[in-house]
Amino acid sequence: MDSCLHLDQDFHLSRCSCGGRPLFAQIEATGSGGAALVVTWFSVVFAFVVLQRLLELIIAKRNGKHLVALGGVEVGAEHYKYIVLLHVSFLLALFFEVFARNREMLPPYGTPFALFCLAQGLRVWVLLSLGKFWNTRIYVLPGSVPIARGPYRFLRHPNYVVVAIELFTLPLSFGAWSTALLFTALNAWVLSIRIRAEERALLEMTSYAEEMGRRERFLPTLKK
């Protein structure tokens with residue numbers, strides 16, 4: 001008999017039958033009114049990603065105002081709507097595929113989920129390294145020297161590496177193979193457009209070639 005974990009009214013763990021599926025990630029908390037709140041790995045991770053995206057938009061808006069005040073200019077604005085559409089569609093596709101495959105109650109697969117978690121660490125490293133220069137849009141400060149600290153010591157676009165890892169490993173963590181493959185391909189297409197626009201502007205308006213020219217775009221290098 002499969003089992004899952006339950007919390008009684010005093011929030012004590014207990015086991016119960018789960019209809020033939022091992023709901024190792026399910027926790028049911030029953031309050032005095034008798035209503036049950038079911039919390040699963042997927043619901044927690046999905047909520048985390050949604051909140052993370054919303055927080056990033058807030059940070060990006062604040063940083064954008066800072067950069068414009070310094071004289072920064074936005075480039076590639078015409079394709080930004082496709083990036084937003086990509087990420088919104090990704091979350092919707094992930095949600096529906098996980099439920100369609102009856103994976104919403106199961107714990108994530110270990111290897112892809114571990115890679116997803118590692119990507120979160122790299123994301124924080126990127127944010128801390130760029131500070132107020134981080135953005136979801138492309139802003140270029142004419143005459144500036146590109147930041148070459150943190151992960152930018154080793155590659156040109158660590159932020160895009162994080163996104164690529166997330167779009168592939170998060171769906172795989174919950175068995176959403178179609179979402180992983182489709183949005184990895186779509187992300188590669190969108191990034192090919194975005195990176196061309198970004199690097200062209202950086203080469204024209206900053207010392208990008210001198211600072212970052214010897215680094216690879218996506219694969220780490222120990223060259224200085």
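The values are calculated or read from the model by the stated rules, or taken from the named source; none is laboratory data. These numbers were taken from a predicted model, which means no experiment stands behind them. Using ideal geometry, Cβ is built from the backbone for each residue, glycine included, and neighbour counts are taken over all protein chains shown.
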* To do: Would you be able to tell me the number of residues in the range 87-113 that are part of a helix (DSSP H, G or I) and within 18 Å of Trp177 (Cβ to Cβ)?
  => 16
* the range 157-172, subset touching a Phe, Trp or Tyr at 6+ places or on another chain (Cβ under 8 Å) and either of a type in the set (Val, Ile, Thr) or not in a helix (DSSP H, G or I) (or both), residue nearest to Pro107 (Cα to Cα) -> Thr169
* Structure fact -> Within the range 115-133, of all residues that are exposed (fewer than 13 other Cβ atoms within 10 Å of the Cβ) and of a type in the set (A, V, I, L, M), the one nearest to Gly150 (Cα to Cα) is Leu128
* To do: Return the residue satisfying two criteria in turn: it lies in the range 167-214 and is surrounded by fewer than 15 Cβ atoms within 10 Å (Cβ to Cβ) and among the basic types (Lys, Arg), and of such residues it is modelled with the lowest pLDDT.
  => Arg214
* Taking the range 100-156, which residues are farther than 18 Å from Leu70 by Cβ and touching a strand residue (DSSP E or B) at 6+ places or on another chain (Cβ under 9 Å)? -> Met105, Phe154, Leu155, Arg156
* Structure fact -> Expected single match for on the phi > 0 side of the Ramachandran plot and not β-branched (Val, Ile, Thr) among Asn159, Asn135, Asn102 is Asn102
